[in-house]
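None of the figures in this text is laboratory data; all of them are computed from the coordinates on show. The structure presented is a predicted model; accordingly, all values stated were derived computationally and were not measured. Reconstructed Cβ throughout: ideal geometry from the backbone, glycine too, with neighbour counts over all protein chains shown.
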Amino acid sequence: MKISNRELSYLLIIKEANDKGCGATIFGVAKSLGVSTASAYEEINHLMRKGLVERRSDGIYVTEKGIREMNSLIRAHRIIETLLVRAGIDPDRACELAKMFDEALPEEVVEKLYEYLGKPDKCPHNKEIPSTQ
Ligand SMILES: [Zn+2]
């Protein structure tokens, strides 16, 4: 079961703090996403129960499982985008459309599309298509 785009937006913000060498705070996440502290608190607890993030002494960190799940959704998104652009759809529109079903497509279908497209390594926005390994 893939994560949702909403879960991904939280994980991206938390990962950004982690990449700078610190844990994320609920307040910081709420501020970055423009949501209330209460909803950030609730969503982070939900991510914690799913094992996607963990609390350490200096804040919240994305777990290895969380990173794998992020890569899996980003991968699906960029593969679908590539397909849509090759079919003649404008890249920005393709990005919007891909969000409508990237979280819903089963992984084996994503992998079939990837093969079908000739295993591209970049998306139409020239961003790397992450592997899930
Ligand atoms: Zn996109």
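A compact table of results
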quantity: Projected-area mean, segment 68-116, by convex hull of Cα positions, square nanometres; calculated: 3.1 nm²
quantity: Hz values of 3J(HN,Hα) by residue in segment 46-57 - Karplus curve (6.51, -1.76, 1.60), Gly and Pro given as x; calculated: 5, 5, 5, 4, 7, x, 8, 9, 9, 9, 10, 4
quantity: Mean Cβ count within 10 Å, highest first, over the residues of peptides 26-38, 110-122, 66-78; calculated: 66-78, 26-38, 110-122
quantity: Charge tally in the Cβ shell below 15 Å around P124, where Lys, Arg are +1 and Asp, Glu are -1, P124 excluded; calculated: 0
quantity: Counted charge near I13, where neighbours are those whose Cβ lies closer than 14 Å (Asp, Glu -1; Lys, Arg +1); calculated: 0
quantity: Point-charge dipole on Cβ atoms (K/R +1, D/E -1) for the chain, about Cα centre, debye to 20; calculated: 160 debye
quantity: Members of K31/K119; K50/K122; K65/K127; K20/K112; K2/K127; K50/K119 lying beyond 28 Å, as alpha-carbon distances in this model show; calculated: K31/K119; K50/K122; K20/K112; K50/K119
quantity: Helical mean residue ellipticity (222 nm; -39500 (n - 2.57) per DSSP H run of 4+; nearest 500) of the chain; calculated: -19000 deg cm²/dmol
quantity: Given charges at Cβ of Lys, Arg, Asp, Glu: the chain dipole, positive-most of N45, L113, H125; calculated: N45
quantity: Relative contact order of the chain, pairs being alpha-carbon contacts under 8 Å that are 6 or more residues apart, as %; calculated: 25 percent
